[in-house]
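Notes to accompany the following structure.
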Amino acid sequence: MTLAVLLNLISLTCFGLDKVWAMRRGGRIPEINLLSLAFLGPFGALMGMLLFKHKTRKPRFLLVPLFLLFQLVLALYFHLI
């Protein structure tokens, strides 16, 4: 369970860093990396998107809520069996 918390914190942090770097016109985190983090830590990614208002208009990032739903279904499935 602590791995899931860590992955979500990393995901949240990366979305925040990318937003700050975008505003300062500095280096950016590639979208594929953000999406990979979102797959591993979808709750943190979704919170980062909403909290920092970052990547919310990109159609590709509509996958993030689906990643969260997918992980919740997996967690319920394996917990109940």
Looking at region 41-52, is at least one residue in contact with a Gly (Cβ under 9 Å, 6 or more places away or on another chain), surrounded by 12 or more Cβ atoms within 10 Å (Cβ to Cβ), without any contact (Cβ under 8 Å) to a residue 40 or more places away in the chain and aliphatic (A, V, I, L, M)?
yes
For region 21-52, give me the residue count where each residue is among the hydrophobic types (A, V, I, L, M, F, W, C) and more than 27 Å from Thr2 (Cα to Cα).
3
Count - residues of region 53-81 that are surrounded by 14 or more Cβ atoms within 10 Å (Cβ to Cβ), modelled with pLDDT under 95 and closer than 17 Å to Ala4 by Cα
1
Cβ-Cβ under 8 Å, sequence separation 6+ or interchain: first residue in region 1-25 and within 18 Å of Leu35 (Cβ to Cβ), partner exposed (fewer than 14 other Cβ atoms within 10 Å of the Cβ) and of a type in the set (S, T, N, Q). Which pairs?
Cys14/Asn33
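Looking at Ser36, Ser11, which one is surrounded by 15 or more Cβ atoms within 10 Å (Cβ to Cβ) and among the hydroxyl-bearing types (Ser, Thr, Tyr)?
Just one listed residue meets the conditions, Ser11.
The values are calculated or read from the model by the stated rules, or taken from the named source; none is laboratory data. Note that the coordinates shown come from a computational prediction; the quantities given were computed from them, not determined experimentally. Every residue, glycine as well, gets a Cβ built from its backbone with ideal geometry; the counts of neighbours run over all protein chains shown.
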